[in-house]
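Single-structure report; data block below.
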Amino acid sequence: HRDLIGIGHLERHEILFLLDEAEQWVTLNRQATKHENLLSGMTVINAFFENSTRTLLSFEIAGKRLGADVVNMHAAQSSVKKGETLIDTAITLNAMRADAIVIRHGSSGATQLIADKVDCPVLNAGDGQHEHPTQALLDALALRHSLRERGEMAEDFTGLTIVICGDILHSRVARSNLLCLQALGATVRLCAPPALVPMGIEAMGAEVFHDFDAALAGADVAMMLRLQTERMSGQFIPSAREYHHLYGLTKKRLGKAAKTALVMHPGPMNRGVEIDSEVADMIDRSIITRQVEMGVAMRMAALDILTRRARGVNGWGEAE
Ligand code: CP
């Protein structure tokens with residue numbers, strides 16, 4: 001079975017295929033919350049070992065809109081709390097004959113571990129500090145929509161400079177976005193305090209900044225990330241006030257970027273820390289709500305494509 005573990009496993013044409021396939025669901029979702037029956041009779045299990053609002057709900061809505069039966073397993077109420085290992089949990093899920101399993105887990109590599117043990121496609125909904133592929137895909141879809149609306153979009157993101165600012169060290173969203181945006185031709189600048197930049201990240205082709213004003217200069221997009229204090233151990237953690245002073249996106253600071261620069265945030269936001277409310281809520285510049293909207297369409301496309309093989313349909317366009 002083919003899984004969706006990370007953007008690092010995808011070819012550029014597969015990323016574009018996923019984005020193109022999501023477009024139909026964007027249109028349909030805007031017309032009505034219409035249920036298609038593509039996945040009728042199939043069961044999708046959402047197994048979330050970490051908290052989530054957007055990802056869990058949008059995978060659930062996506063599965064239901066496609067006609068699947070969707071079951072959510074919350075780790076807090078599961079036998080994981082009684083000491084069951086991840087591998088035994090995977091074997092248990094497999095024995096229930098799910099048609100797709102969506103996993104969020106606090107450990108990098110956990111999703112691959114489960115994928116290796118089960119017979120159905122596995123979709124990574126965020127694993128530790130590794131990847132969050134559907135987030136990067138929905139971000140690319142939201143950006144593409146916004147650029148097309150302005151009539152600015154060419155074939156891909158070539159010529160765009162995108163700043164990702166925040167806790168890069170702990171961020172699977174940053175890693176997946178770096179891979180996805182670069183695959184689509186963008187120049188990516190990463191900006192964070194020195195203690196929150198992963199060692200050797202420059203080898204992935206990103207420009208690293210510690211000065212947010214310098215990173216923003218002339219940029220087309222500012223993608224803001226929160227401080228993941230729950231993953232920090234021993235790093236220097238600036239106070240919220242100090243962090244906001246150095247790395248918070250204020251209206252004034254946004255003025256350093258290109259005149260029409262767009263603002264993104266995967267959520268959850270800490271208003272007044274990494275982003276000011278007056279920036280997060282800017283109607284003409286912030287596409288944060290659009291990112292959430294695109295999340296449902298993107299996950300519909302991912303569930304559709306990954307279950308095509310089981311339905312006897314070609315799944316990955318040219319790749320099949
Ligand atoms: N962006 C994101 O993954 O949000 P949740 O943690 O709410 O799913």
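Please enumerate the residues belonging to region 1-35 that are more than 18 Å from ARG144 (Cβ to Cβ) and without any contact (Cβ under 8 Å) to a residue 60 or more places away in the chain.
Hits for region 1-35 are HIS9, GLN31, ALA32, THR33, LYS34, HIS35.
It is to be established whether one or more residues within region 291-309 are away from the ligand (no atom under 16 Å from the Cβ), within 24 Å of GLN31 (Cβ to Cβ), surrounded by fewer than 20 Cβ atoms within 10 Å (Cβ to Cβ) and of a type outside the set (Val, Ile, Thr).
yes
Which residue is surrounded by the fewest Cβ atoms within 10 Å (Cβ to Cβ), if the candidates are limited to region 274-283 and must be part of a loop (DSSP other than H, G, I, E, B) and away from the ligand (no atom under 16 Å from the Cβ)?
Per the stated criteria, the residue is ILE283.
Are any residues in region 129-157 modelled with pLDDT under 95 and either over 19 Å from ASP284 (Cβ atoms) or assigned by TED's automatic domain parsing to the domain that holds ARG54 (or both), and if so, which ones?
Answer for region 129-157, where residues must be modelled with pLDDT under 95 and either over 19 Å from ASP284 (Cβ atoms) or assigned by TED's automatic domain parsing to the domain that holds ARG54 (or both): GLN129, ALA154, GLU155, ASP156.
Out of all the residues in region 31-38, is one or more aliphatic (A, V, I, L, M), closer than 25 Å to ASP139 by Cβ, more than 16 Å from the ligand (Cβ to nearest atom) and touching a Gly at 6+ places or on another chain (Cβ under 7 Å)?
Looking for residues that are aliphatic (A, V, I, L, M), closer than 25 Å to ASP139 by Cβ, more than 16 Å from the ligand (Cβ to nearest atom) and touching a Gly at 6+ places or on another chain (Cβ under 7 Å), one finds at least one in region 31-38, hence yes.
Test SER286 against the criterion of being farther than 25 Å from VAL26 by Cα and of a type in the set (Gly, Ala, Ser), and give yes or no.
no
Just a yes or no: is a residue in region 217-240 in a helix (DSSP H, G or I), closer than 23 Å to VAL188 by Cβ and of a type in the set (A, V, I, L, M, F, W, C)?
No, every residue in region 217-240 fails to be in a helix (DSSP H, G or I), closer than 23 Å to VAL188 by Cβ and of a type in the set (A, V, I, L, M, F, W, C).
Within region 31-41, identify whether any single residue is modelled with pLDDT of 95 or more, surrounded by 14 or more Cβ atoms within 10 Å (Cβ to Cβ) and not in a helix (DSSP H, G or I), and answer yes or no.
Yes - at least one qualifying residue is present in region 31-41.
Might you let me know whether region 243-264 holds any residue that is within 16 Å of the ligand (Cβ to nearest atom) and not in a helix (DSSP H, G or I)?
Let us first name the residues in region 243-264 that are within 16 Å of the ligand (Cβ to nearest atom), namely 263-264.
Filter once more, so that each one left must be not in a helix (DSSP H, G or I): 263-264.
The answer is yes, given that some residue of region 243-264 is within 16 Å of the ligand (Cβ to nearest atom) and not in a helix (DSSP H, G or I).
Confirm whether SER286 is in contact with a strand residue (DSSP E or B) (Cβ under 7 Å, 6 or more places away or on another chain), of a type in the set (Gly, Ala, Ser) and within 16 Å of the ligand (Cβ to nearest atom).
Here the answer is yes, as SER286 does meet what is asked.
Please list, ordered by first then second residue, the pairs with beta carbon atoms under 6 Å, 6 or more apart or interchain, first in region 246-271 and within 18 Å of VAL173 (Cα to Cα) and of a type in the set (Val, Ile, Thr), second surrounded by 15 or more Cβ atoms within 10 Å (Cβ to Cβ) and modelled with pLDDT of 95 or more.
VAL263/ALA222; VAL263/VAL279; VAL263/ARG285; VAL263/SER286
Name the one entry in ALA98, ALA90, ALA22 that is away from the ligand (no atom under 16 Å from the Cβ), among the hydrophobic types (A, V, I, L, M, F, W, C), part of a loop (DSSP other than H, G, I, E, B) and surrounded by 15 or more Cβ atoms within 10 Å (Cβ to Cβ). It would help to see each step written out before you state the result.
On the way: ALA90 fails: part of a loop (DSSP other than H, G, I, E, B); ALA22 fails: part of a loop (DSSP other than H, G, I, E, B).
The match here is ALA98.
From the list ALA75, ALA68, which one is closer than 30 Å to ALA32 by Cβ and not charged (D, E, K, R)?
Testing whether each residue is closer than 30 Å to ALA32 by Cβ and not charged (D, E, K, R) leaves just ALA68.
What strands (runs of 3 or more DSSP E) completely inside region 113-195 contain at least 1 residues that are more than 28 Å from HIS210 (Cβ to Cβ) and touching a His at 6+ places or on another chain (Cβ under 9 Å)?
Ranges flagged: 122-127.
Quick check on region 51-80: of everything there that is part of a loop (DSSP other than H, G, I, E, B) and either in contact with a helix residue (DSSP H, G or I) (Cβ under 6 Å, 6 or more places away or on another chain) or away from the ligand (no atom under 13 Å from the Cβ) (or both), which residue is modelled with the lowest pLDDT?
Keep residues of region 51-80 that are part of a loop (DSSP other than H, G, I, E, B), which gives 51-53, 66-68, 78.
Then keep just the ones that are either in contact with a helix residue (DSSP H, G or I) (Cβ under 6 Å, 6 or more places away or on another chain) or away from the ligand (no atom under 13 Å from the Cβ) (or both); that gives 66-68, 78.
Values: LEU66: 95, GLY67: 95, ALA68: 96, SER78: 70.
Taking the candidates together, the pick is SER78.
Looking at (1) over 21 Å from GLU293 (Cα atoms); (2) within 16 Å of the ligand (Cβ to nearest atom), find the lone condition where VAL173 falls short.
The failed condition is (1).
Any chance region 38-59 includes a residue that's aromatic (Phe, Trp, Tyr), in contact with an Asp or Glu (Cβ under 9 Å, 6 or more places away or on another chain) and within 30 Å of LEU178 (Cα to Cα)?
no
The values are calculated or read from the model by the stated rules, or taken from the named source; none is laboratory data. These figures come from a predicted structure and were not determined experimentally. Cβ coordinates were reconstructed from backbone atoms using ideal geometry, including for glycine residues, and neighbour counts include every protein chain displayed.
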